[in-house]
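So the structure is just underneath, and the comments pick up after that.
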Amino acid sequence: MKDLETKYLYPKNPKKIKYPIYPYIQQLSDYKVFKSNYISGHRENRLKTKLESLYKNSEILLTNSGTSALKMGLVCLDIKPNDEVMFTNFNCPNIIDAVLSIGATPVFVDIEEDFSLSFEDIKKKVNDKTKAIISTHVYGLKENLKIYDWAKKKNIYIVDDGAQAMFTLQNNKFVGGHGDIGILSFGFTKPLSSIGGGALIVNNKSLIGRLPKVPIETEEEVYIDYKNYFRSWALFKLNTFYIPSKLNKVWYRLFKMPKTYLSKTEAFPRNIRLIEIKRMNRLREELILKQFYRYKKIWDYNIANYQEMNNNLKCLVRYGIKLIHLDKGESPNYYTLIFPNEHQRYECSEYLAGKGIQTCWNYIPLDEIPIYSKYKSNTKNANTVWGRVLSVPFKYPLVSKDIQYISLQLKNYIEKSTLLNI
C-alpha cells in the first residue's frame, strides 16, 4: 500500500506507450491551411454553419479558446463584481479563472454519484447574490435538467458547459444547447480534438444584443498553438519508443518539450489566469473543421469501444469497482473506473503502465488548490471521489483487440491484487 499522498501523484507514464489516453488525430498534413492561397479558396464561417446545424435557433460565436467563450458568456449574462456563480468543485481551473476574471464570486457545489450537480446542495447554497450556475458535463455525461427548470423560475442563468460533452444528446438537444448559453471547447483532450478554440452558444435570444465586440486573434497566435500541439504530439511519439534516460533528457532540451510533473501539487496554478477574449481566426476554424469531418467515424468507434469495455469489465463490480454505464444519447469523453480507495487506483495505474497502457485522472477539487482555497465549501462527495477515479484508453484509433487487451490487464491486476483481501 502507498501512503495517503499517492492520491496527488500522477499515474506513471509507461516507458513505451502502446495505448494512449489522448489520440493525436490532427493530421500533420493539415499544415496546408497555413499556405497563403488556402483560405482564399474556402468560404467563410463554414465551422459556424456546421455548428448551427447542430444548435438550431441558437447564435454561435467562435472564440480563440473554450475559456474565452466562457468569459464572454459571463459578460453577456451581465455578471457583475461580487455576484455569485455556482459550479462543481470537481472541475477544471479554467472555470474558476473565468469567473474570477470578471470579479464574480465562485461558489462550489457538490456532485452526485453520477457526477452531475447536486440539486440539494445548490438549494442549500443559493441566495440573493446567485446570478448563474455553470453546469459542467463531467466525462461527457448528462446533467440534471430539473436544475435548469428550477433556475429559470428563480431567474438564475444556466451555462450549459459542453466542453467534455459535445455530441451528447439530452432531450433531443445536443449538450450546449440547454440553458441560456452553452460552451464548447476544441482542445486536444476534448471530444472534437484539435489545437484549441471554443464556441459560445447563445440559446436565450434576449442576450444576443449584449455580445461584446472583441478583436480577432492573429494568424501568429494560431500558428503558436499549432506548434505547441505538435510539440506535445512529438512528446507522445517519443514515448511510444523506449529511449535511455540520458538521451531522453537531451531530446527534451533540444526540442523544448513541455515540462512533465510527478504530482498534481507540482502542477498547481500559482496565479489566476489572465483571459483575453478574442474571436477565432479562420486558420483555426479550418483546422477544427477538418476534425469535424472526421468525427462521425471516430464517434462510432468510441461508442462501440466504450460499450465493449463495460461488457468486459462488468465482473469487477464484485471487487468494489464502479463502472459508469452510458445513458442513451451520451457521448463519453473518458472511460473512468471508480476504485474503493486512492491506494488501489494508484497501484492499478502503476501496473497498467508496465503493460504500456497510459492512464489519467482529471481533477483535484478546486478548493485544494491554494490560490482558490479561500472559497472552500462543504462538498463531501467531490472531495471523496476525486482520489478514486482512474481513466483508461478507449478512443479511436484503438480497435476491439486493443480494448480486449486493456480489459484483460485490468482484470488480471484487480483479480490478483490486494483488492481480494478487502
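The values are calculated or read from the model by the stated rules, or taken from the named source; none is laboratory data. Not measured: the values here are computed from a predicted model. We place every Cβ from the backbone using ideal geometry, glycine too, and count neighbours over all the protein chains shown.
Overview of results
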| quantity | calculated |
| --- | --- |
| Cβ-Cβ under 6 Å pairs, at least 6 apart or on other chains, region 183-198 side more than 20 Å from Asp300 (Cα to Cα), far side among the acidic types (Asp, Glu) and not in a loop (DSSP other than H, G, I, E, B) | Ile183/Asp161; Ile195/Asp225; Gly196/Asp225 |
| All positions within region 43-75 that are assigned to a helix (DSSP H, G or I), over 23 Å from the mean Cα position of the chain (by Cα) and in contact (Cβ under 8 Å) with a residue 24 or more places away in the chain | Arg46 |
| Qualifying residue in region 60-72 (condition: farther than 18 Å from Val159 by Cα and of a type outside the set (A, V, I, L, M, F, W, C)) | yes |
| Subset of region 109-122 (residues that are part of a strand (DSSP E or B) and touching an Asp or Glu at 6+ places or on another chain (Cβ under 6 Å)) | Val109 |
| Qualifying residue in region 257-274 (condition: touching a helix residue (DSSP H, G or I) at 6+ places or on another chain (Cβ under 6 Å), modelled with pLDDT of 90 or more and within 18 Å of Pro23 (Cα to Cα)) | no |
| So Thr88, is it crowded, with 24+ Cβ neighbours inside 10 Å and either within 16 Å of the chain's Cα centre (by Cα) or touching a residue at least 24 places away in the same chain (Cβ under 8 Å) (or both) | yes |
| Residue in region 402-411 that is at pLDDT 95 or above, farther than 23 Å from Glu308 by Cα, part of a helix (DSSP H, G or I) and among the polar types (S, T, N, Q) present | no |
| Close pairs from region 265-294: first aromatic (Phe, Trp, Tyr), partner not in a helix (DSSP H, G or I), Cβ under 7 Å, at least 6 apart | Phe268/Ile369; Phe292/Leu192 |
| Cβ pairs under 7 Å, 6+ apart, first in region 362-375 and over 14 Å from Lys7 (Cβ atoms) and without any contact (Cβ under 8 Å) to a residue 40 or more places away in the chain, second surrounded by 16 or more Cβ atoms within 10 Å (Cβ to Cβ) and not β-branched (Val, Ile, Thr) | Ser373/Asp367 |
| Within region 322-364, considering residues that are buried (at least 22 other Cβ atoms within 10 Å of the Cβ) and over 22 Å from the mean Cα position of the chain (by Cα), the one nearest to Trp386 (Cα to Cα) | Gln344 |
| Evaluation of Asn82 against (1) over 21 Å from the mean Cα position of the chain (by Cα); (2) modelled with pLDDT of 95 or more; (3) farther than 25 Å from Thr384 by Cβ (one fails), failing number | (2) |
| Of all residues in region 365-396 being over 21 Å from Thr265 (Cα atoms) and among the aromatic types (Phe, Trp, Tyr), the one that is surrounded by the fewest Cβ atoms within 10 Å (Cβ to Cβ) | Tyr396 |
| Cβ-Cβ under 7 Å pairs, at least 6 apart or on other chains, region 324-344 side on the phi > 0 side of the Ramachandran plot, far side part of a loop (DSSP other than H, G, I, E, B) | Gly329/Thr168 |
| Single condition Lys355 does not satisfy, out of (1) out of contact with any Pro (no Cβ under 8 Å at 6 or more places or on another chain); (2) in a loop (DSSP other than H, G, I, E, B) | (1) |
| Which numbered condition Pro93 misses (of (1) closer than 30 Å to Glu342 by Cα; (2) of a type outside the set (Val, Ile, Thr); (3) modelled with pLDDT of 95 or more; (4) out of contact with any Leu (no Cβ under 7 Å at 6 or more places or on another chain)) | (4) |
